[in-house]
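Peer 1: This is the structure I want to talk about, given as C-alpha cells.
The values are calculated or read from the model by the stated rules, or taken from the named source; none is laboratory data. This structure is a prediction, so every number in the text was calculated from the model and none was measured. Heads up, the Cβs are rebuilt from the backbone with ideal geometry, glycines too, and the neighbour counts pull from every protein chain shown. Calculation scope for accessible area: heavy atoms of the full protein, side chains included, ligands and nucleic acids excluded. Shrake-Rupley method; radii C 1.70, N 1.55, O 1.52, S 1.80 Å.
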Amino acid sequence: MKFDVNNLQWARQPKSCVISKEQIEIVTQPHTDLWQRTYYHFRNDNAPVLQMDTEEKYFSFVVKTEFSESNHRFDQCGVVLYLDSENWLKGSIEYENEHFQHLGSVVTNYGYSDWATTEIPASIKSMWYRLSRRADDFCIECSDDGVIFHQMRVCHLHKAKGKIRFGIYACSPEDSSFRAVFTNMELTECKWAAHSGQAPDKEF
C-alpha cells in the first residue's frame, strides 16, 4: 500500500481546504462535529472527513497534525475511520481552555459513542497519530516526535468488515474556526504486533 492524496475522497467537503502531495490544510467551519447519542444525547454528523478506501486487513496509517490556531473549546483535528454516521472512530486533541486540552479517542458502534481522554497542556500544538488495523480490530497511538508512539486505544468496530475507509478530519463544534494542517502521511505494514501467544494472522 502507498498513501496517495489522489485516492482521497471527501465525506462532507469544507468550504476552505488546500491539498498537495505533502500537505493538507482544512479550515474548519463553526458547529461541525462527530458524536452520537451517549450522555449528551445529541447527534452531530457534519464534520469534514477526507479518506481513502482499502480492503487490506493489516496496515498502519501515520499522520502528523498541527493546530497552532486552535483556541476555542472543542476545536479538534486528527485521524478518523468513518464507515457511516453510526459506525466510526476518531483520535484527536480537543481544546478546552488556556490551561489544558483533551487528548483522546471516540469509538462509535451502532450509533453510540464513547470518549476516552487524558488532560494535556494547552501549549501542545502538534501531535502524530498512528491508526493500525488487524482485521476488524484497531489500535490508535499518539506521538510527540513521530518516532516513539504510545497506545491510546484498542477497540473493535463491528461494521469494519472487508473494505473500510480511513483518513483525517477537522471540526469546530462551537462558534469557532481554525486551520488544521496534516503532513507526514504514510501507509506501512501493520506496526501493531499480534499479541504474544496469539494465533498467526488469518483471513476472517
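Peer 1: Pick from 74, 3: which is closer than 12 Å to residue 170 by Cα, among the aromatic types (Phe, Trp, Tyr) and touching a residue at least 60 places away in the same chain (Cβ under 8 Å)? Break it down into steps so the answer makes sense when it comes.
Peer 2: Details: 3 fails: closer than 12 Å to residue 170 by Cα.
None of the others qualify; the one that does is 74.
Peer 1: Can you say whether residue 88 is open to solvent by less than 20 Å² (accessible area, probe 1.4 Å) and either under 16 Å from the mean Cα position of the chain (by Cα) or closer than 19 Å to residue 143 by Cα (or both), as far as the supplied structure shows? Steps first, please.
Peer 2: Working: open to solvent by less than 20 Å² (accessible area, probe 1.4 Å): yes; either under 16 Å from the mean Cα position of the chain (by Cα) or closer than 19 Å to residue 143 by Cα (or both): yes.
Criteria met by residue 88.
Peer 1: While we're here: Inside segment 154-163, can you point out the residues that are among the hydrophobic types (A, V, I, L, M, F, W, C) and part of a loop (DSSP other than H, G, I, E, B)?
Peer 2: Restricting attention to segment 154-163, the residues satisfying the condition of being among the hydrophobic types (A, V, I, L, M, F, W, C) are 154-155, 157, 160.
Those that are among the hydrophobic types (A, V, I, L, M, F, W, C) and part of a loop (DSSP other than H, G, I, E, B): 157, 160.
Peer 1: Name the pairs whose Cβ atoms lie under 7 Å apart, with the first residue in segment 136-149 and closer than 15 Å to residue 160 by Cα, the second part of a loop (DSSP other than H, G, I, E, B), and 6 or more positions between them or separate chains?
Peer 2: 136/157; 136/160; 136/161; 136/204; 138/157; 139/192
Peer 1: If residue 163 passes every condition in (1) out of contact with any Ser or Thr (no Cβ under 9 Å at 6 or more places or on another chain); (2) open to solvent by 80 Å² or more (accessible area, probe 1.4 Å) but one, which one does it miss?
Peer 2: Checking residue 163 against (1) out of contact with any Ser or Thr (no Cβ under 9 Å at 6 or more places or on another chain); (2) open to solvent by 80 Å² or more (accessible area, probe 1.4 Å), the one that fails is (1).
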